[in-house]
Structures are given as structure tokens and as C-alpha cells.
Amino acid sequence: MWDSSVFLSTLTPKFYVALTGTSSLISGLILIFEWWYFRKYGTSFIEQVSINHISPWISGNDNGTESLTPSSSSSSNGSNGSNNNTTTATTQNMPECKVWRNPLNLFRGAEYQRFYWATQKEPLTFYDMNLSAQDHQTFFTCEGDAGKAEYEIMQTAWRERNPVVRIKAAKNALEINPDCAPAYILLAEEEATTIVEAEKILRTALKVAEGNYKKSQTFQHQGAIAEGIHRRDTNVLIYIKRRLAMCARKLGKLKEAVKMFRDLTKEIPPIMNVLNIHENLLEALLEMQAYADCQAVLAKYDDISLPKSATICYTAALLKARVVAEKFSPDIASKRGLSPAEMSAVEAIHRAVEFNPHVPKYLLEMKQLILPPEHILKRGDSEALAYAFFHLNHWKNVEGALNLLHCTWEGTFRMLPYPLERGHLFYPYPTCTECADRELLPSFHEVSVYPKKELPFFILFTAGLCSITALLALLTHQYPESMGIFASTTLNWFSLPFHFVKERIEAIWPCNLLQQLSRI
């Protein structure tokens, strides 16, 4: 019988050096290949081979749940859209973390203040309110206000941190000049404790603003100061109309709100680029369940050349999911594959999730909602809050839409290139969003961060194997005799179970049993 101890005693230290060195080289090559594949495709090569080839061969089932992830050979419309977006993503530079005004921002007195009374928690941060003060100073003041006491009071009122002081300053401005429209705006925003009161003050402000606008319109071409005053009066008038439309929306007067928002979208002053009133229009149309009108608005604003937002991307996904969500079943879809309509809906969801990955957890109520801030960071947690706060009910109104979102949204992260510096359908995800969101959102809220891809198990395994074998090769080279003794002892220790089994078999069976069987 073959004795393993004789074999081990004949091995030289050079054999152990060669063995550990070869093992280290092979595991190192595997590690390099796995890391390269993960960097390029965002997944492990060994894992993909196991899932796509070995597992179906063992289980005898070729259809997996991966069919819920749209492939590159999807319907022509989806492919063309993806190609166009990919081309745009490669040509755009990575943008800075620009803070935008929330198109659906709430009223401080009628909504934010009521939250504070109920919870004793400040819903707005000083950073957020300072940004609003800067906006108000930019929109509602101009060089022509120099020497006018009421407007100088309002310039300082926006910067005051104490709301009582701000309200008192606005009232002082109205005592000096009853036609000071910015003072009415401040009172409607902060003194009114209900939407009805805010709407009443804004209607008074609208009459004043229209009168100021007509006066400044006649002198707008009489110098730079006159043009500045007219621009200020235009901004004030548009802002008041927008807030009145939002009051109508909150009070359930949807048709009136939609008409006012439609009229405002036809305006072209620079302030319109900041307010994003088309998002207010989309939200009101969804509340009316006027899905055809929503699609018409999206066709105008969901363009490659225009900046995207969570409202644009997720509304497009909702409208496509509405067609198939009611009868969608992940089990059936995994067996027969996705239909063209289902593929289009899943692609739209993946597009939306790639743009802002924080929204699904709020829509699926996996994370608690809070009042949205007055400013948002696109693709950040603040934008996700602002969207979900107003659009969660719209997703619930479409039967099966949240189920489809739940089944498909996580698949987006398997498709995204890695690392995050590479974009897919959009420009790469900004790395500064987390810091900016922490400034915009209150301290009691846990800020959502971009879900990081975890390293696959096989990359960690090959890295550990490579490190251990390299260490063994180094130790064997430095201490060949000691490592040879250690290797022999280890192999003998591992061979003990086999020796025990061999002895038990020989004890049960006669030693010459095989010889007798061969004779027979």
C-alpha cells in the first residue's frame, strides 16, 4: 500500500517554493482579471458564469429573474432613447452641485409653522432660509429702490432670521407705501396660518402688483434703472400668480390651478427658468388623473437638451407603468419574458432610478417622509423628498404601479457602470450631493446616500487567496527548512482522517479480499 509519509519525506524545500509561488501567480492573475471585469461591467465574471450557466444547468431552468432587467436588444423606441441619452451623457461634463428652488415649496406660516407647533422641530435649516432670502432679494429688489424707505425696509426684512421681526418689517413697509407688493408676499408666506388666509393676502398683492407692473411698463425703455424696476415688477407679478395657483391646487380648485399654471408656462422672463412651473402643472394634472395632458407636457419638457428632474423622469415612468402595471406579475414575466410595453415601462423606471436613486424608498414607504425643504439638489435626497411628498398619492392611484417599481428598481444598480465616475443614461452621479443635502435637510432626518456597489465575494476571495499564497511563497523562500517541516506537518494532519478511514476498512475487510475476487 502507498504510504503518504514516504512521499512527503521525499519533497524538498524547492518544491514548496515552486508550489506556493505558482499558486500565488495563478490567484494573482485571477484577481487582476476579476477586478478588470468588475471595473468594466460592474459585476463578477465568476458570479455571472455561475448564475447564467452553471445554475441553470444544475436546476434545469434557463429562465431566471434576470429577465426583468431590460437588455440592450430591447424595443426600438427604448433603444433609440437610450442611445441618445448615452451620447448626451458622454458629451456633457460633470455638473457642480447646483441648488434649485423647490417648485412645490410650502408656505412657511400655513404649513411649516404648523409642523413646528405640532412637533417642536424646525422643518427648515438656516442655510435653506438664507438661500430663500437671497432669492427674494434678487427677484424683489433692484437699483431703483435706492432712497425708497419701504423697499429698503424689505431688503433688510428678507435677511432677518426671526419671523416676528420679518413680519413687523413688512407691516412697517406697508404703512409707508400700501402698494409695496413684496411686503404682501412676505405676509402671505409667513403671517397667514392657513392657505385660505394666504390666498386672501395674495389676491390683494395681485391687484397691487398688476398696478405696479402697468406703471413700470410705460417707463421701461427710459434707462437701465427703469428697466430694472420693470423687471422687478414682472418677477413680483409672476411669483404672486404662481403662489395663487398653488393655493388653488391646495384648496382643491384643480381646474383653476391648471389654467393658471398653463398661462404661466407661456411667460418667458428669466425667472421662469428658476421656478420650473411645468412641474407644478404636471402635479396638478396627475391629481386630476388627466394622463393624456401629462404626456403632452412631458413631450415638451422631457427633451435631451433640457435639464432633467425627478418629476420629469418619474412621471414618465409612471405613465408608462400605468399601461402594464395592473396585470404585471414578476413570476409570469420571468417565464415568458417582458412584452414590449413592459420593457418600455421597466426601462423608464431604470432611467428614473439612475437619475435619482433615493426616490423609490420614499415611494415604497421604506423610509419616512418629512416636509420638503425650500431648495433642492437635483439627484439628491432633498429632491427625492420634494417629489415623493407630493407624488406618492399619484403612484398609489395607479393600480400596480408601486408593485412594478418594487420588482424592478433595484435592478438599476446592476446595470450601472462602475465606478460612479462613469455615467450610463445621464452624466455621472455627483459626489457632493450628500454634503449639500445635509445642509438643506433638518438634523432629525437621516440623509439618504447613493447606494454603493459592494465588491463581489469572488473578488474578495481571490484577493485573500492571492495574499495568503504570496505570503507563503515569501516565507518558504526565506525559511525553506522550517516551512518544509510546517508543510509536512500540515499535510500529515490533513491526512489523518484518510488514514483512519483506511484502517477501519482494512479491519472490516480481509487484506486478500481483492486478490480472491480477482481469481474468481
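The numbers here are math on the coordinates, done by the rules we state, and not lab data. Bear in mind that the values here come from a model prediction, so they are computed numbers and not experimental data. Note: ideal-geometry Cβ built from the backbone for every residue, glycine included; neighbour counts use all protein chains shown.
Which distance in nm do the two modelled labels at Asp302 and Glu210 give, with both placed 7 Å along the Cα-to-Cβ direction?
Result: 3.6 nm between the two label points.
In terms of the Cα gyration tensor, with a ≥ b ≥ c the square roots of its eigenvalues, is the stretch 231-293 rounded because a/c is under 1.5, prolate because a/b exceeds b/c, or oblate? Mind dumping the intermediate values first?
Values: a/c = 2.72, a/b = 1.70, b/c = 1.60.
It comes out prolate by the Cα gyration axes.
Could you check how many percent of all C-alpha pairs in the stretch 190-339 are farther apart than 26 Å?
Considering the stretch 190-339, 43 percent of its Cα-Cα pairs are separated by more than 26 Å.
Using the C-alpha atoms of the stretch 98-148, what convex hull volume per residue, in cubic angstrom, is computed? List each step's numbers first, then the result.
Details: hull volume 6.3 nm³, N = 51.
Cα-based convex hull of the stretch 98-148, divided per residue, equals 124 Å³.
Put +1 on the Cβ of each Lys and Arg and -1 on the Cβ of each Asp and Glu in the stretch 245-344; which of Leu275, Val324, Ala248 then has its Cα farthest toward the positive end of the dipole?
Checked the options; the winner is Val324.
From Cα coordinates alone, what are the radius of gyration and Dmax values for the stretch 161-244 in angstrom?
13.4, 42
What translational D, rounded to a whole number of µm²/s, comes out for the stretch 251-355 from Stokes-Einstein when the hydrodynamic radius is the Kirkwood one over Cα pairs, at 20 °C and 1.002 mPa s? Walk me through the intermediate numbers first.
Working: Rh = 15.2 Å.
So the translational diffusion coefficient is about 141 µm²/s.
Output ³J(HN,Hα) for the stretch 396-410: one whole-Hz value per residue in order, computed from phi by the Karplus curve 6.51 cos²θ - 1.76 cosθ + 1.60 with θ = phi - 60°, and x for Gly and Pro.
5, 5, 9, 5, x, 5, 5, 5, 5, 4, 5, 6, 10, 5, 5
Efficiency by 1/(1 + (r/R0)^6): what FRET value for Leu369 and Ser467, r their Cβ-Cβ distance, R0 = 51 Å, to the nearest 0.05?
On the way: r = 46 Å, r/R0 = 0.90.
Plugging the Cβ-Cβ distance into 1/(1 + (r/R0)^6) gives 0.65.
Can you give me the Cα centroid spacing of the stretch 150-173 and the stretch 233-249 in angstrom?
20 Å
Along each of the three principal axes of the Cα atoms of the stretch 336-411, give the extent in whole Å, ordering the values from largest to smallest.
Extents along the principal axes, in whole Å: 45, 23, 17.
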